[in-house]
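The values are calculated or read from the model by the stated rules, or taken from the named source; none is laboratory data. A quick note: this is a predicted structure, and the numbers were derived from the prediction, not measured. So basically every Cβ, Gly included, is an ideal-geometry build from the backbone, and we count neighbours across all protein chains shown.
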Amino acid sequence: MGLVIVADVFTLIGYAYRVARGSTVLTFTLAIVSAGIGVFLTYLVGQVVGAVPGVVADQADAMSMVTFGWLLAALLATFIVQSVLPAIRQVAEWSMANGVARDIGVQVTDPLLAPHRIGHLEDTEVQDQQLRAKGKEGYQVGIGLRELPHLVSSRLTLIGSAILVGRMFSWPLAVGLAAVTFLMEWHRRRVVEGEIDSWWGLTEGQRRAWYLFNLGMKDAPKELRVFGLGPWLVQRYASVWLDAIQPVWRARRRGTVKAAAVALIHLGAHSAAILLVGRAALAGDLPLTQVATAVPAILAVGMSYNGYAAVQVKRGLTAYVAMRKLPQVIEERHPESAAISAPISAATRAPRPVGSMPREAVRFEGVGFRYPGAEVDVLKDLDLEIPAGEALALVGVNGAGKSTLVKLLAGVYKPTSGRITVDGVDLQDLDLSAWQRRVAAIVQDFLRFPLSATDNVVLGSAEHANDSQAVSVAATKAGIADVIEALPAGWDTVLDKTYDGGVDLSGGEWQRVALARALFAVDAGAGVLVLDEPAAALDVRAEAELVERYLDLTSGLTSLIISHRFSVVRDAHRICVLDGGQIVESGTHKELLALDGRYAAMFELQAERYLVEGGAVDA
Ligand SMILES: Nc1ncnc2c1ncn2[C@@H]1O[C@H](COP(=O)(O)OP(=O)(O)OP(=O)(O)O)[C@@H](O)[C@H]1O
Ligand SMILES: [Mg+2]
């Protein structure tokens, strides 16, 4: 099949067959049938035209009127079938494309989403591989598959029509015309490739232009107005876009000459072929039937190129190979991420059940951690014990590694050195999936799902989604129930303004929704509660409420709270100070103040700012 190798094409068809059997068979059968019918129609036209003079003159050796009538009827019937086929083909193709798109969606996202750890998500090689698998303009495997029946059809039409030219007139001519048509397709492919790239903004410059465009449209509408950047942005966008499109235009101008040359060769060859047929007919060397078949067959050969389909099928194949390799790339580069729910240190041993762990303590034992690709360690030989049932607080300056410690505790990253144990069992040997269900967390960059208020809470434990009583209790504890009930559609209100009837919450309200989500997970069975900066966006009253309820909310749980606000952490059973990748101080609020170390210095600095004349730091 020209430059698209036949075996590869079967690979693609085989894939479509596995995921959408019926529609794939129908699609490709119809593609073959419709090409066959096209060629047959050309043949019939030749037969009809060739028979006309004999029938009209009523010659003795001519076709009988009845046979001629049948021939015409056959022509008509074939024509009708040929006319209705495209509609059926389209339905079959859409159905195949839908089935395939569903599967591709799973194939290119599942290997990234399934692992319990997230290191692979930050690996640019993995991201690139996923992009190759996905394709830049949509699911490329699907686009390729949608074009494949058209390519198959046009190839079969070309072969069938060339055979007609060969049989009715001349084999060398048939081969020559097919070659010229391939030349045309080869050239079209190169043009189409460039056009697709520039159309989809796949060039570097176009990506920059797209970025500026989106910046104005959706990414930063507020900042743009506040800083009065509108006119600047429009100008910048226009100039970047014009710059980016220059090479495309230059290439098009250069390409025009070549395109004209190729088109001339193509047109010349087919015109010459028709002239040759005409000359042979006039010389009486070629019967009318053969003339009437050869001419439309020559035209059909000439039209049987499809540069667009050839490009898309080839790209679809490349994407398919990348898609198949994606899980392997992740597994090779991130063996710790690839093991789905198997214990990570010993793939052969069964994972240890989590049950109601921790009953004793979670311990960080000499834990060191460095982000993939980073140059410095965030944590260095860190020891920390979180006794079961205790409310522990962690403080430290920006970038100290507090959120990182949370990620390790939740098992989304694996320590670079040392280990984390739960009741003495290495986290590596635990059923990581079950452990992650045991941990409920508000992470610092918690998600704001553009879903209903209910969904935003129940996503803490999706399998308990129908427990509306628990949803309400969690929201009340988090101090957000009243706000949600006052929304236009109450609990069904979508928390995103871009949806019909949707609303946006304030930063502090969102934070309370996130707290409700974590508390809902606790209600559903999580025994470890992690709150990373739960008060960052809360107003004074909400913060005071959180502080007041903090020990109550965490009673019976093993909890870790992180906050820069000392009012929030001071009631914890124990407070640890993280600095230089290690725990440098540990004790109750009172003990740490008495120690007069780093904690005391930070606390006094903050408290000082709130001191009223004559007041004192409340220790
Ligand atoms: N995904 C990441 N890849 C590489 N480095 C990271 C990543 N996330 C965080 N870091 C780096 O790790 C260090 C610790 O970050 P972390 O978020 O744990 O700090 P933190 O103590 O939570 O700070 P904050 O008080 O600002 O929340 C920082 O220097 C940060 O730049
Ligand atoms: Mg943090």
| Met602 versus (1) within 16 Å of ligand 2 (Cβ to nearest atom); (2) surrounded by 18 or more Cβ atoms within 10 Å (Cβ to Cβ); (3) over 25 Å from Gly366 (Cβ atoms): which is the lone unmet condition? | (2)
| field | Close pairs from the range 113-125: first assigned to a helix (DSSP H, G or I), partner at pLDDT below 85, Cβ under 6 Å, at least 6 apart | value | Gly119/Ser337; Gly119/Pro372; His120/Ser337; Glu122/Pro372
| said: With the structure loaded, tell me whether Gly389 is near ligand 1 (Cβ under 10 Å from one of its atoms), surrounded by fewer than 22 Cβ atoms within 10 Å (Cβ to Cβ) and touching a residue at least 24 places away in the same chain (Cβ under 8 Å) or whether it fails that test. | reply: no
| Extreme residue, nearest to ligand 2 (Cβ to nearest atom), among residues of the range 360-376 that are among the aliphatic types (A, V, I, L, M) and in contact (Cβ under 8 Å) with a residue 24 or more places away in the chain | Val367
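I need a count of the residues in the range 262-307 that are hydroxyl-bearing (Ser, Thr, Tyr) and more than 16 Å from Leu41 (Cα to Cα). If you could, list the steps in order and put the result at the bottom.
We begin by selecting, within the range 262-307, every residue hydroxyl-bearing (Ser, Thr, Tyr); these are 271, 289, 293, 304-305.
Going one step further and asking which of them are more than 16 Å from Leu41 (Cα to Cα), we end up with 271, 305.
Count: 2.
Here are Ala281, Ala272, Ala263: which of them is closer than 21 Å to Ser161 by Cα, assigned to a helix (DSSP H, G or I) and in contact (Cβ under 8 Å) with a residue 40 or more places away in the chain? Can you show your working first?
On the way: Ala281 fails: in contact (Cβ under 8 Å) with a residue 40 or more places away in the chain; Ala272 fails: in contact (Cβ under 8 Å) with a residue 40 or more places away in the chain.
One residue alone meets the criteria, Ala263.
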| request: Would you be able to say whether some residue in the range 459-479 is within 16 Å of ligand 1 (Cβ to nearest atom) and either surrounded by 15 or more Cβ atoms within 10 Å (Cβ to Cβ) or farther than 25 Å from Ala388 by Cα (or both)? | output: no
| Candidates Gly556, Gly525, Gly580 - the one that is on the phi > 0 side of the Ramachandran plot, touching a Gly at 6+ places or on another chain (Cβ under 7 Å) and in contact (Cβ under 8 Å) with a residue 40 or more places away in the chain | Gly556
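Output the number of residues of the range 405-429 satisfying the condition of being in a loop (DSSP other than H, G, I, E, B) and either within 16 Å of ligand 2 (Cβ to nearest atom) or without any contact (Cβ under 8 Å) to a residue 12 or more places away in the chain (or both). Before you say what the answer is, go through the steps one by one.
The initial filter retains those residues of the range 405-429 that are in a loop (DSSP other than H, G, I, E, B), namely 410-416, 423-424.
From the residues that got through so far, the ones that are either within 16 Å of ligand 2 (Cβ to nearest atom) or without any contact (Cβ under 8 Å) to a residue 12 or more places away in the chain (or both) too are 410, 412-413.
Matching residues across the range 405-429 total 3.
Scan the helices (runs of 4 or more DSSP H) fully inside the range 513-605 and keep the ones with 1 or more residues being more than 16 Å from ligand 1 (Cβ to nearest atom), within 26 Å of Gln436 (Cβ to Cβ) and in contact with a helix residue (DSSP H, G or I) (Cβ under 8 Å, 6 or more places away or on another chain).
Values: elements: 540-553, 566-569, 589-595.
Filter on the range 513-605 gives 540-553.
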| query | Restricting to helices (runs of 4 or more DSSP H) lying wholly in the range 153-243: which have 1 or more residues that are surrounded by 18 or more Cβ atoms within 10 Å (Cβ to Cβ)? | reply | 171-199, 204-214
